[in-house]
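Notes to accompany the following structure.
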Amino acid sequence: MLSIDLIRSDPELVRKATRDRGGDPPVDRILELDERRRSIVTEADELRARRNEVSRELGRMKERPQKMIDEMRDVGDRIKSLEGATREAQQELEALLLTIPNIRSEDTPLGADDSENVVVRTEGELPTYDFESLPHWELGEKLGIIDFQRGVKTSRSRFYVLKGKGARLQHALITWMLDIQSNEHGYEELYLPFLVNPETMVGSGQLPKFAAN
């Protein structure tokens, strides 16, 4: 998820980067929702400050004017309405931010699909076999270590479930990568909570797995 600060500061960069990847970025709607959300939050904060101020005044009074009490009731109703509007704007904003891809590196060539991928380099020689080789997805299904149907059922197309030795291989690769980064590249591994405050996620980017020392 791209930072909302980046989209605010350079919307044209985000538009171009998304269109380069074949997308139609909803940048205008994102900026509109962001402005609306911030405006609502500001109004709600001002009303809360007003309510606190009047509450202190009422606390010092022996007789509480009905006009002030009615005003605070109206303020409370308005704050509740603004809180609901904030949630709605935030939910739509989060959903739209998830549709914006990462910014493409300038040295990454453009292409319509996988067929236009550019080979940067090759290592060694391609082996030859006296039998027909299979792509990994077919081999994985034959070995019973990949379940594409369950992945699609769970998370839609292009997802898969790793089973048995496939899951163990994935776990081993992750552990190897973590060890390399921690032991050889000066990073410290973090284990973060699975639950986070929604407010901290809007436009903040994906939570890191590592923190540099």
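So which lysines pass the test for Lys142, namely a Cα distance under 29 Å, with those fewer than 8 places away in the same chain ruled out?
Lys153, Lys163, Lys165
Provide, in order from the shortest bin, the percent of all Cα-Cα pairs of the chain in each 10 Å bin, continuing until the bin that contains the maximum pair distance.
Spelled out per bin, shortest first, that is 6, 16, 23, 24, 13, 8, 5, 2, 1, 0.
Under a GNM of the chain (C-alpha, springs under 10 Å), which listed residue has the highest mean-square fluctuation: Leu169, Leu82, Leu13?
Comparing Leu169, Leu82, Leu13 in the GNM, the peak value goes to Leu169.
Taking all pairs of different Cα atoms in region 29-77, averaging 1/r and flipping that mean, what Kirkwood radius in angstroms comes out?
Kirkwood hydrodynamic radius for region 29-77: 12.3 Å.
What is the distance in Å between the Cα centroid of region 152-192 and that of region 60-116?
33 Å
For Lys67, list the lysines whose Cα falls under 29 Å from its own Cα; do not include residues on the same chain fewer than 8 positions away.
By straight Cα distance, Lys67 reaches Lys80.
Under 13 Å from the Cβ of Gly23, count the other residues' Cβ atoms, weight Lys and Arg +1, Asp and Glu -1, and hand me the total. Provide the component values of the computation, followed by the final result.
Values: positive: Arg15, Lys16, Arg19, Arg21, Arg104; negative: Asp20, Asp24.
Net local charge, Gly23 excluded: +3.
Over the chain, with a Gaussian network built from C-alpha contacts below 10 Å, which listed residue (Leu143, Leu47, Leu33) shows the highest mean-square fluctuation?
Among Leu143, Leu47, Leu33, the largest GNM mean-square fluctuation belongs to Leu143.
Mean shadow of region 1-82, computed from the convex hull of its alpha carbons, in nm²?
Details: hull surface 28.3 nm².
Averaged projected area of region 1-82's Cα convex hull equals 7.1 nm².
Pairing the Cα long axis of helix 11-20 with the longest principal axis of the chain, what angle in degrees results, from 0 to 90 and rounded to the nearest 10?
Value to nearest ten degrees: 30.
Quick one: longest stretch of the chain between exposed loop trypsin sites (Lys or Arg not before Pro), exposed meaning at most 10 other C-beta atoms within 10 Å and loop per DSSP? Mind showing how you got there, number by number?
Values: sites that count: Lys62, Arg121, Arg156, Arg158.
It works out to 1-61.
I need the shape label for region 91-178. Rule: rounded when a/c is under 1.5, else prolate if a/b > b/c, else oblate, with a, b, c from the alpha carbon gyration tensor. If you can, show how the numbers build up before the last one.
Numbers: a/c = 1.84, a/b = 1.18, b/c = 1.56.
Judged from the Cα gyration tensor, region 91-178 comes out oblate (a/c at least 1.5, b/c at or above a/b).
Could you do me a favour and compute the accessible area per residue for region 20-71, 1.4 Å probe, result in Å²? Write out the running numbers ahead of the final one.
Details: 3770 Å² over 52 residues.
Ligands and nucleic acids excluded, the figure is 72 Å² per residue.
On the protein heavy atoms, probe 1.4 angstrom, tell me the percent of accessible surface of the chain carried by carbon and sulfur. Please list the in-between numbers first.
Working: 8620 of 16790 Å².
Exposed carbon and sulfur together represent 51 percent of the surface.
At a Förster distance of 41 Å, what's the computed FRET efficiency of Met1 paired with Arg50, Cβ-Cβ distance as r, to 0.05? Don't skip to the end; give the middle numbers.
Numbers: r = 35 Å, r/R0 = 0.84.
That pair, Met1 with Arg50, gives E of 0.75.
The values are calculated or read from the model by the stated rules, or taken from the named source; none is laboratory data. Because the structure is a prediction, the values reported are computed rather than measured. Cβ sites come from the backbone with ideal geometry, for glycine too, and all protein chains shown count toward neighbours. Only protein heavy atoms, including side chains, enter the accessible area calculation; ligands, DNA and RNA are left aside. Shrake-Rupley method; radii C 1.70, N 1.55, O 1.52, S 1.80 Å.
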